[in-house]
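A.B. asks: Submitted below is the structure of interest, expressed as structure tokens.
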Amino acid sequence: MEAELGLKKNLYMPRTSVTTESNKTGSWRFLRPRYEEKTSPCSTACPAGEDIARIEMLITQGAFKEAWETILRENPLPGVCGRVCYHPCEGNCNRREFDTSIAVHTMERFLADTAARNETKPVLERLPPKGKGVAIIGSGPAGLAAAWFLNMLGYDSEIFEAMPEAGGLLRWGIPAYRLPAAVLSNEIARIENQGVRIRLSETVSASRFEELKTSYDAVFLGCGYWRNIALNIPGESGSGVEDGLSFLKQLRQGAKPDVRGVSAVIGGGNTAIDVARSIIRLGGRAVIVYRRRREDMPAFDEEIISALEEGVELRELLAPVQIAAQGSDCILTLQQMKVEGRDRDGRGRIAADGTSPVEISVQRVFVATGAAAAETWHEPPPAETAGHHTAPLTPHLPLHLSHCTLHQEQQGTPIIYGGDLTNTSKNVTQAIASGKQAAMALDTFFQSGAGTIRERLSGCLVGEGPSLSMEIYMHGPRKERKTHIVSHQEINTDYFQFEPRVIQPRLLIEERTSSFDEIELKISANTAMREAGRCFNCGICNDCDNCYLFCPDVCILRGRDMTERHIDYDYCKGCGLCVVECPRNAMTLGEEEKL
Amino acid sequence: MQLDALDKELMCSGHVGCPGCGATIAMRFVLKALGEKTVMVLPACCWSVIAGPFPQSSLKIPVIHTAFETGGATASGVRAALDMKGDTETTVITWAGDGGTFDIGFQALSGAVERNEDFIYACYDNEAYMNTGIQRSSSTPYGAWTTTTTGADWKKLRKKNIVEALVAHRIPYAATANIAFPEDLIRKVKKAKAIRGSKFLHIYASCPTGWRIPSEMSIKIARMAVQTNIFPLYEVENGVNYTINYKPKEYLVREYFKLQGRFRHLKDTDLDQIQEMVNEDWGLLLRKAGEHA
Ligand SMILES: Cc1ncc(C[n+]2csc(CCOP(=O)(O)OP(=O)(O)O)c2C)c(N)n1
Ligand code: SF4
Ligand code: SF4
Ligand SMILES: [Mg+2]
């Protein structure tokens, strides 16, 4: 025995000779963890479907250019949207349930400003040229977006703009204190640099439209709503009455109209607010007269608050019934309204309250109660109504999508109507969403026919939609994301501390009311990184390494740069720790498949 | 979490620790912090099994399996042998369970640290004799079910405060650590490695099997032990200088108890009593650290 063990006089110490790696403990497993990125709630709320969780992650890492490019894949106008978008993303942010939402729009603007300051050139994927040209009528946000995305998909896109400068409503309908002209020009220049042609001062008439149909493979109509909707009351075409949009346009063209005294602004939308706040800046007084209540106003709440801060007066539940000139003044007759039940859109239904009308005397009246298409041929073909059924000439067309309408007459050139012409919510980001959807629809039309559009697009939804992702459409990495929307309960908040949201520096009220200077000021890179660092990065892996660290079985393997993690299922016992300790639900624990 | 230079792996897959075992996570962190030049002394405990049945080993460092009660004595011998060979660089660490530390190994441990032997004694605490089937130890907390404190006879005695017992020896370094706080844990191990003389580390290591908790909750519960002040993170230098490393936001202990099967029988009045005990211990610690509640 002693000889057998090689023992002489020495003490025998048995020594191990192999590792435990021959025990494939993966056979113990009945639950199977896996890496599975999911969708953040902010990104589904963003009409442009921006990959916000990833954008914030890149900002935290100081990768500003990559973050900016990540926006540009889904939205060509971050400098504009970081300023004028009503940021529904923030209203849906999971961090709200923890402390306060991430200042997503502030981050977006920061990235755009940083790129502009450094004159950064984006590097973006573009599909090989398709040899097809698309004419785009109107260079507003819808037209710009359609051109940008069609260009990405390999089309030659050419924009026709009636005005001498591009931008549409962005240039002529939004005051400079919200959107400085230089910001817009910068974004448009980048769009042109990517290969989009913009032909200025080229009005497209009905006959020119017919010509375009023959010389292009498709036409996108994004000419917006420019015709003021009439109030249909006596005196509205008299002197002293102006339309709001034309007034804003004059200002952007450099005019300094005399607005001394009191101006009444009729309406409750963003244009009404823009007009009133501009009047204040020109030294006048402004009273907004609105038929309904403040909570029913379609204007963004932050805009209403700012207007009131700046001294705009708001008079609710007053419907104009007549405007009469009296010397150089206007007498505005108003009917007091009351709320009675609810309208179909959920707002209070209003009716005259039975009292006799009141009169107010003002120096002038601005009408900003909404706009409509300037020409009837701008209007998309109506949606088919039940009972009235005409067999479509091309099967599946006209196709009414959420943000655009595709039509083709007798195998002719496909026409897409988009932007305000088709959108139910008429604002900048929805217009961008429209341009994107139109580009996808048109490309699918050319690739595989009208009958495949709905299905192809439904595969590109961000979460449950309606936002669409061009990155998904182009088979980018985002395609791997699950549509599951990460909830606050699915975040492991043990890994986050309460931190106050960035305070956006702003001009003082006195500074605001005396100039058209931009109100919101810049933030520093450090501030941006700190704010982005508050983001949970819902559903996406930010390489925090928790899964690797806490694995009791050493079976999280890492590839290049210590990223590209994967699980060694030979040994993983399925304890589930990695999934629970992943702060951001980038992993999933599922049942092990029965063998 | 950013932990640099910890990519080296000195523990192997294929070990037979239970799914979600906190003691294996503790080992992984400790070895990452110590590095290869380490000899481990391993008295009987779950880890005797996890380290592998002969001829296997799940650890890529030399390990000496030794008798249950001899952690302190064997380490003293290994240290002496290394010193005789002129190797002062290699770290000697004893890795023992709470049974092997608080109870049966206490004499050898006390003797070794009284002599101020140059080694680290790490106790991974899973609060019972787990390897032999969940028998209570003097580390088992007040209120816990074990296979020897069953039914109405759940443990009604306090957990021994082992760190204070070691601090009473006036050793150069004694500290608590927790698997849910890897940065703190690794810093403490590195600190202990750099100090000459006896070092004691009390490492909280959850045990899904013995505590009747789901395996995926092992880290969450470990974290809560700190957040509730049940297991405060602190260190003591030379038996007198206390530093509290983490000041929790006073979570209630019932949150911690609620999650574990071993405490299921406790009533609200019991939990209130436990809360008082925890508050008292925390107050005591604050006083030692010269801080105010
Ligand atoms: C002298 C002696 N008594 C009893 C045993 C049986 N035994 C082996 S491991 C163990 C329990 C160890 O408990 P602990 O130290 O807490 O480590 P754990 O198993 O919980 O990790 C016991 C009782 C032994 N090996 N030697
Ligand atoms: S925390 Fe970040 S990723 Fe999550 S919803 Fe908010 S902004 Fe989006
Ligand atoms: S734990 Fe961290 S590294 Fe692992 S998947 Fe989640 S985010 Fe990525
Ligand atoms: Mg034990």
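A.B. asks: Return the distance in nm (one decimal) between the two label points of a simple spin-label model at A:N10 and A:E592, each offset 7 Å from Cα along Cα→Cβ.
C.D. replies: Using points 7 Å along Cα→Cβ, the separation is 4.3 nm.
A.B. asks: Kirkwood hydrodynamic radius for segment A:422-472: how many Å is it when counted over pairs of different Cα atoms?
C.D. replies: About 11.3 Å for segment A:422-472.
A.B. asks: Please give the per residue volume of the convex hull enclosing the alpha carbon atoms of segment B:145-204, rounded to a whole number of Å³.
C.D. replies: Normalising the Cα hull of segment B:145-204 by residue number yields 103 Å³.
A.B. asks: Anything in chain A that counts as a DSSP H helix reaching 15 Å or more along its axis (C-alpha) with Kyte-Doolittle mean of at least 1.0? List them, would you?
C.D. replies: A:141-152
A.B. asks: Taking every pair of distinct Cα atoms and averaging 1/r, then inverting, what Kirkwood hydrodynamic radius in Å comes out for the protein assembly as shown?
C.D. replies: Hydrodynamic radius (Kirkwood, Cα only) of the protein assembly as shown equals 32.3 Å.
A.B. asks: If you don't mind, there's one more thing I want to ask. Taking every pair of alpha-carbon atoms in segment B:162-293, what share in percent sits in each 5 Å bin, from 0 to the bin with the longest distance?
C.D. replies: For segment B:162-293, the binned pair fractions read 2, 10, 19, 20, 20, 15, 9, 4, 1, 0 percent.
A.B. asks: Hey, got the dipole for the protein assembly as shown? About the Cα centre, +1 on K and R Cβ, -1 on D and E Cβ, debye to the nearest 20?
C.D. replies: The dipole of the protein assembly as shown has a size of about 1620 debye.
A.B. asks: Under a point spin-label approximation (7 Å from Cα along Cα-to-Cβ), what is the B:D153-A:I229 distance to one decimal in nm?
C.D. replies: 8.3
A.B. asks: Same structure again: Apply the a/c threshold of 1.5 to the C-alpha gyration tensor of segment A:232-371 and tell me whether it is rounded, prolate or oblate.
C.D. replies: Since a/c reaches 1.5 but b/c is at least a/b, the shape of segment A:232-371 is classed as oblate.
A.B. asks: Something else now. How many nm is it between the label spots at A:R315 and A:H484, if each spot is 7 Å from the Cα in line with the beta carbon?
C.D. replies: A separation of 5.7 nm, rounded to one decimal place.
A.B. asks: Related question: Using just the alpha carbons, could you tell me how many Å³ per residue the convex hull of segment A:459-535 encloses?
C.D. replies: 194
A.B. asks: Assuming a viscosity of 1.002 mPa s and a temperature of 20 °C, what translational diffusion coefficient in µm² per second does Stokes-Einstein assign to segment B:22-288, Rh being the Kirkwood radius over Cα pairs?
C.D. replies: Translational D for this selection: 115 µm²/s.
A.B. asks: While we're looking at this one, here's another question. Work through the residues other than A:E375 whose Cβ is under 15 Å from its Cβ and net out their charges, Lys, Arg +1 and Asp, Glu -1.
C.D. replies: -1
A.B. asks: Normalising by the residue count of chain A, find the relative contact order in percent from Cα pairs under 8 Å and 6+ residues apart.
C.D. replies: Answer for chain A is 22 percent.
A.B. asks: Looking only at B:L109, B:L31, B:L259, which one moves most when chain B is put into a Gaussian network model with springs between Cα atoms under 10 Å?
C.D. replies: Fluctuation is largest for B:L259.
A.B. asks: Determine, for each peptide in A:425-434, A:372-381, A:342-351, the mean count of other beta carbons within 10 angstrom over its residues, then list the peptides with the highest first.
C.D. replies: Top of the packing list down: A:425-434, A:372-381, A:342-351.
A.B. asks: Fewest Cβ neighbours within 10 Å first, please rank A:E236, A:E499 accordingly.
C.D. replies: With the fewest neighbours first, A:E236, A:E499 line up as A:E499, A:E236.
A.B. asks: What FRET efficiency comes out for A:T376 versus A:R294 if R0 is 35 angstrom and r is the Cβ-Cβ distance? Round to the nearest 0.05.
C.D. replies: The formula returns an efficiency of 0.50 here.
A.B. asks: Another question, then. If r is the Cβ-Cβ distance from A:A325 to A:T563 and R0 is 60 Å, what FRET efficiency results, to the nearest 0.05?
C.D. replies: After rounding to 0.05, the efficiency reads 0.25.
A.B. asks: Over 20 Å between Cα atoms: which of A:K436/A:K479; B:K160/B:K249; A:K24/B:K32; B:K160/B:K288; B:K8/B:K60; B:K37/B:K190 fall into that group?
C.D. replies: B:K160/B:K249; A:K24/B:K32
A.B. asks: May I ask you to derive the relative contact order of segment A:232-371, considering only C-alpha pairs under 8 Å and at least 6 residues apart, and to give it as an integer percent?
C.D. replies: 31
Bear in mind that the values in this text are calculations on the coordinates, not laboratory data. These numbers come from a predicted model, not from an experiment. All Cβ positions, even for glycine, are placed from backbone atoms using ideal geometry, and neighbour counts span all protein chains on display.
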